[in-house]
Every structure is written in C-alpha cells, then in structure tokens.
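Heads up, the thing below is written out as structure tokens.
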Protein chains: 2
Amino acid sequence: MEPAYPQPLVMVDTALFTIRDERLCLILTRRKEPPFEGLLALPGGFVHAQEDADTEAAARRVIRGKIGFDAPYLEQLFTFSGAARDPRGWSVSVVYYALIPWSSLEQSPSAEAFPVDGLPPLPFDHRQIVAKAVERLRGKATYSSLPAFLLPAEFTMNDLHQIYEQTIGARLDKASFRHKILVQDIIEPIPKHFRVGAHRPAQLYRLSSKALTPFERKI
Amino acid sequence: MEPAYPQPLVMVDTALFTIRDERLCLILTRRKEPPFEGLLALPGGFVHAQEDADTEAAARRVIRGKIGFDAPYLEQLFTFSGAARDPRGWSVSVVYYALIPWSSLEQSPSAEAFPVDGLPPLPFDHRQIVAKAVERLRGKATYSSLPAFLLPAEFTMNDLHQIYEQTIGARLDKASFRHKILVQDIIEPIPKHFRVGAHRPAQLYRLSSKALTPFERKI
DNA sequence: AGATGTTATTTGCAAAAAACAAATAAGTCT
DNA sequence: AGACTTATTTGTTTTTTGCAAATAACATCT
C-alpha cells in the first residue's frame, strides 16, 4: 500500500517579481547552506508536512520569511522534478510566482531585486524556472489584469500603461490601451484623487473587484 | 541538510480528455486497491524515483498503462497537496492532462469514457482536479489550437468547429470561425482529400506545423 | 498676469476584424 | 431532373483597433 520506494525530496521555490526603475526584476536570496552555499538563488525551502497545510502555505511561509509580509498576488507556476536538478538526489519542487509592488519592498532591506534580463548565474534549475515564470507572466499579461498587481494600491493610467509595456515587452498605443482597460472594468477611478506634479494632474485609479477576471475573449 | 521531517507521498494523477458522441469526456479507471477500492477514479500512481526520470515520465507511464499508447497531447496541469486529500497521509499529486482522439481509443477496451458533466462520485480530491482541468482546457481553447488534438489525424472544418464549441461550451459563428482558423495557419487542407457522404463532400484538413503556437493576441 | 512647457486626456478618422445574414456549390436520394 | 442536405463563399453591417492630432490642466518662469 505504502510505496516501498525511497521518497523524493519535496520543496517549494518562489519567483518574486517586482518592477524597479521601470524594469522587471526578481528577488533573489543568498544561500546560507550547501549545496551552492553563498550563491544567489530563488527563495525556497523544504515542505514540512507537519506545519504546512499544503505547498501554497509553504510558499507563503517562504515569502513571509524573505520579505516580511504576504505577496498581493500568488499563483502556482509549475512543478519541476528529476534526479539532475539537485545534487542531493531526486527531488520535486513546486514553484510559485508572486507579484509585489516595489513600493512595499523598499523598506525591507533583505530583498534585493535583479533585472530579469541581467540575472547572475543561478544554481539548480533556477534558470529554467525563471524562464518559465517570465513566460507565464508575459502570457497572462496579454489577457488579464495581472500586471496591475505590480503597482501600489493607487496608480495612474500611465503607471499601468508602462507596467504592461514592461511585462509584455512591447509598445502599446496609449489611446487604445486606455480604452481597452476602461472597457474591461478592471480598474476604477478614485473620485477626486489625482497625482499632482509639475504638469496636468493625472487621475488615480485602483483595482476594481473584477480585477482578476481574465479579459473577455472568444475565438 | 536533509530534512528531519517524514517525507510526504508523491504521486501523479491524469485527466484524460476525449470527445465521444460530441460530448467532452474523461477516461476513468476502477481502483483495484484501497483506499476507495472499487471506485472509479482518475488514473494515477506513485512516482518511482528510480524508474521515472521526472513526474512527466511517470504520467506517461500511467497513461501507457491505461490506454496502451502515448497521448498526442500531454501537459502538466497543477500540483495538489495537503493532509486531507488522501487518507494515507500528507501527499503531493502532480496532475497532468492529456487529449486523446476517441477514434484511437475505441479499440482499447479498458478505457471507459464518462461525460464531464455527468461524472460518478470521485474519490480523493479528484472532483476538484477535474474542475481545474476542464477550466484549463476551456481557457486554452479560446486562444490556441488545443482542441484540435481531440480529433483524428484527418478532419473536416465542421469537426473542428464542433469540437471547439464542445470544449469552450458556447456557440461560434461558422463563417468567422472558419476564417480565423485559416488565418492562423494551424491547419492545412489535404489536397484532393474529401469526406464523402450523402451530401456535398467536405475538405479534409490536418494539423500544420504551427499547430501548437498560441494565437497572436495583443492587449 | 500671461506666456510657456509638459504631461494627461479626448477626439476623429481610416483600416481591420468580427458578427450576421444570405447566397451559392456539390454531392446523394427519389 | 428535382428535392434535399451539408459545405463553402459572399456581402453588408457593426465593432474594434491603430494612428495622428487636438485639447485640457497644471506649474513655473518672465
């Protein structure tokens, strides 16, 4: 009934996205133990069947340990497995990705953000994991409000526009973008709230309750 | 270094989709061992770190054991975990879903297909797994050629149209559908091949090499 | 105060895509 | 041959996009 086989190692890893200086970045952590001690890597750890309700709870524990609070958006990405990915033996890693506004990270000093297009060498199969995470984020950005979770609670249409351009990695027409976003009802203007500056004030928006509904699309 | 905790059970489960009598169905298997002996369930099994290169290899092994050949389309769906999902204790199940043309299933007698909207009671958290698998399939159908993998190698435009309607669960205009599919280049007509019947013959198509590229879309 | 610079937001129009309705094509069956 | 049925194309209307330019709103400078 119980399998006679030795059990594989079960762990979680996390890809924590943020946008700093208008660039898509990942939070990395310096490993304090072997293997790969001293190297920068994705934050992760073993799943403790006693304390963790499930792997998502384990991921949340890891993230809280790293940045000190919960990520506004967290989603399971993919499960990586095999004998080659970890020198300690055959392992399974359930990977989660999260979106975190840089504004909330600035105070936690332990969190260092590295642009995804200029990452240092990563241990294990973390390079592959990052590739998959970026691909997923890009993919979802084209038909959902995901990128908005990289912004603080209040943001302007331009903030949103820029963050979509960053995550998708392409130029988007301003007028069309504005129209499509408003039609989707994923954000709502905050009455009488504007960001003031040296120029015309910009309307501030917040996510609406429909924010997580994927955009309507039919084949 | 190695965790002091008892290791969780690691298994794979599979959601095997097919279309029979114009209805979206799942292949279920009757459990031969406790727990839930005798009940119908998703095909699955333990991951054997020795024989399975990774969880995808384990899934393929399970599928081959069930239907006797490889599925034309296989993709990781999600990893379910927790103490409550299996009476034997805390477990992780990496779930894969596959698309299989009914035509290739008709000969293997062990494969029984049940319409997804009329499934029998399922053990473990298999009900949840099914829900997630259907959701994923529906989602991907709106922007990819996935449903085409439920068809045999040669099919008509009407076959394809019906299968999209089935998986998406909505009506699609025939003329628009035809145009969009052809523009995407995911299928190609087989020269001089037609399905003949009591009426006007229908052009036969096959998947093109671009079949797996998701449709182009911008926000 | 008024001119100027700069960013935000709206408007208008041409082009493309989609939805809808209907006609035409190509066989079998009687 | 004519009726019937399904496949495929065509045409028209409506909606969405892409692009360019105009207008709005403020701070700052003169």
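Annotations
- DSSP bridge analysis restricted to the protein assembly as shown gives an antiparallel fraction near 75%, rounded to the nearest 5.
- Length gained on full extension, A:Ser108 to A:Arg127, computed as 0.36 nm times the residue gap minus the Cα-Cα distance: 4.3 nm.
- Between the helical axis of A:55-67 and the longest alpha-carbon principal axis of chain A there is an angle of about 70 degrees.
- Using a Gaussian network model of chain A in which every pair of alpha carbons under 10 angstrom is joined by a spring, one finds that among A:Leu151, A:Leu16, A:Leu122 the greatest mean-square fluctuation is at A:Leu122.
- Global geometry of the protein assembly as shown, whether rounded, prolate or oblate, following the gyration tensor of its Cα atoms and the 1.5 cut on a/c: oblate
- With at most 14 neighbouring Cβ atoms within 10 Å, loop trypsin sites (Lys or Arg not before Pro) (DSSP) excluded, longest segment of chain B: B:89-170
- Taking a Cβ cut-off of under 15 Å around A:Arg61, the surrounding Lys, Arg, Asp and Glu residues balance to a net charge of -3, with basic ones at +1 and acidic ones at -1.
- Pairwise label distance in nanometres, A:Gln50 with A:Ala175, each label 7 Å out on the Cα-Cβ vector: 6.5
- At R0 = 25 Å, FRET efficiency that the Cβ-Cβ distance of B:Val183 and A:Glu216 yields, to 0.05: 0.80
- Counting only DSSP beta bridges whose two residues both lie in chain A, roughly 75 percent are antiparallel.
- Under the combined filter of DSSP loop state and at most 15 neighbouring Cβ atoms within 10 Å, segment B:182-216 retains these chymotrypsin sites (Phe, Trp or Tyr not before Pro): B:Phe215.
- Global form of chain A, assessed from the alpha-carbon gyration tensor, a/c cut-off 1.5: prolate
- Mean Cα-pair separation over length for segment A:9-141, i.e. relative contact order, pairs under 8 Å, 6 or more apart, %: 33
- Here the spin labels are modelled as points 7 Å beyond Cα on the Cα-Cβ line, and at A:Thr156 and B:Lys192 they lie 6.6 nm apart.
- Fluctuation leader among B:Glu56, B:Glu75, B:Glu37 - chain B, Gaussian network, Cα springs under 10 angstrom: B:Glu37
- Within 10 Å of each Cβ in B:21-31, the average number of Cβ atoms from other chains: 0
- Distance from segment A:1-79 to segment B:143-175 (C-alpha centre basis), Å: 39
- With each label modelled as a point 7 angstrom along the Cα→C-beta vector, the A:Arg200-B:Glu37 pair spans 7.6 nm.
No lab work stands behind these numbers, since they all come straight from the coordinates. Treat the numbers as computed from the prediction; the structure is a model and nothing was measured. With ideal geometry, Cβ positions are generated from the backbone for all residues, glycine too; neighbour counts draw on all protein chains shown.
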